[in-house]
1. Restricting to region B:46-101, give me the number of residues that are in contact with a helix residue (DSSP H, G or I) (Cβ under 9 Å, 6 or more places away or on another chain) and within 23 Å of B:His29 (Cα to Cα).
2. Quick one: count up the residues across region B:11-43 that are in a strand (DSSP E or B) and of a type outside the set (Val, Ile, Thr).
3. I'd like the full set of residues that are touching an Asp or Glu at 6+ places or on another chain (Cβ under 7 Å) and free of Cβ contacts under 8 Å to residues at least 60 places away in the same chain, limited to region A:1-47.
4. Given the conditions (1) touching a residue at least 12 places away in the same chain (Cβ under 8 Å); (2) surrounded by 20 or more Cβ atoms within 10 Å (Cβ to Cβ); (3) β-branched (Val, Ile, Thr), which single one is not true for A:Ile51?
5. Residues being surrounded by 18 or more Cβ atoms within 10 Å (Cβ to Cβ) and not in a strand (DSSP E or B): count how many of those fall in region B:63-86.
6. Assess whether B:Thr107 counts as being under 10 Å from the mean Cα position of the chain (by Cα) and either buried (at least 16 other Cβ atoms within 10 Å of the Cβ) or among the hydroxyl-bearing types (Ser, Thr, Tyr) (or both).
7. Considering only residues of region B:1-56 that are away from chain A (no Cβ under 11 Å) and among the acidic types (Asp, Glu), which is surrounded by the most Cβ atoms within 10 Å (Cβ to Cβ)?
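Quick note: the coordinates plus some simple rules give every number you see, no bench work behind them. Model, not experiment: these values are computed from the prediction. All Cβ positions, glycine included, derive from the backbone under ideal geometry; neighbour counts span all protein chains shown.
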Amino acid sequence: AQSVAQPEDQVNVAEGNPLTVKCTYSVSGNPYLFWYVQYPNRGLQFLLKYITGDNLVKGSYGFEAEFNKSQTSFHLKKPSALVSDSALYFCAVRDGETSYDKVIFGPGTSLSVIP
Amino acid sequence: DTGVSQDPRHKITKRGQNVTFRCDPISEHNRLYWYRQTLGQGPEFLTYFQNEAQLEKSRLLSDRFSAERPKGSFSTLEIQRTEQGDSAMYLCASSSRGQPQHFGDGTRLSIL
């Protein structure tokens, strides 16, 4: 069975500092991994994905994520946080061995960037 | 804007009433998903369509819930005899095979 954990409910970071939002996963096959962001009263917006290839994936708005197979992690990072990055962040996983595109989402991490 | 569209954005109804939500996916996407999201939680999978075929339903989808996607285009999600616990944001997403899902802004359901 697929599962996703986001160990931090809340992350606070000062504007201009680097940020990290953590994610660990469990799948039986090869993982397809995703990060989404959600602003208040809006749907989820896709940031980036890992399917195969380079372990460092670059995405929208200056975000990147590092896939670590041995630690089953896919942490989201940004070198310099902006106040406008404050939002809910969701990690998601799909089992690449299944024919369906069913994706399991983590519980989310609330990011606050302090001016 | 050719994104995923959901209607209505907000629905307030009395317990016991029936409600229906609509989702219009991105036109070239053949896969459509419904999720439920409660405050402080990630989206929970409800059901999945590939074209007009409903291929998977979550155990969360009780007999009071039904979803359709006639002709493989728009989809509707109906909840019959609504209960307090049905209060949530209902999200629709669409995708092409192997591509990330694109989400609508959701329908927020409040049960009085």
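1. 6
2. Going residue by residue through region B:11-43, those that are in a strand (DSSP E or B) are B:11-13, B:19-24, B:31-37.
Filter again for of a type outside the set (Val, Ile, Thr), leaving B:11, B:21-24, B:31-37.
Total meeting the criteria: 12.
3. Within region A:1-47, A:Arg42, A:Gly43 qualify.
4. So the condition that A:Ile51 fails would be (2).
5. Start the filter on region B:63-86 by keeping residues that are surrounded by 18 or more Cβ atoms within 10 Å (Cβ to Cβ), which leaves B:65, B:67, B:69, B:75, B:77, B:79, B:82, B:86.
Pick out the ones that are also not in a strand (DSSP E or B) and you get B:69, B:82, B:86.
Matching residues across region B:63-86 total 3.
6. Values: under 10 Å from the mean Cα position of the chain (by Cα): yes; either buried (at least 16 other Cβ atoms within 10 Å of the Cβ) or among the hydroxyl-bearing types (Ser, Thr, Tyr) (or both): yes.
So B:Thr107 fits the description; yes.
7. Filtering region B:1-56 for residues that are away from chain A (no Cβ under 11 Å) and among the acidic types (Asp, Glu), the one surrounded by the most Cβ atoms within 10 Å (Cβ to Cβ) comes out as B:Asp24.
So that you can scan it fast, the table gives a plain yes or no per residue for (1) on the phi > 0 side of the Ramachandran plot; (2) away from chain B (no Cβ under 14 Å); (3) not aliphatic (A, V, I, L, M):
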position	(1), (2), (3)
A:Val21	no, no, no
A:Tyr25	no, no, yes
A:Asn30	no, no, yes
A:Asn68	no, yes, yes
A:His75	no, yes, yes
A:Val93	no, no, no
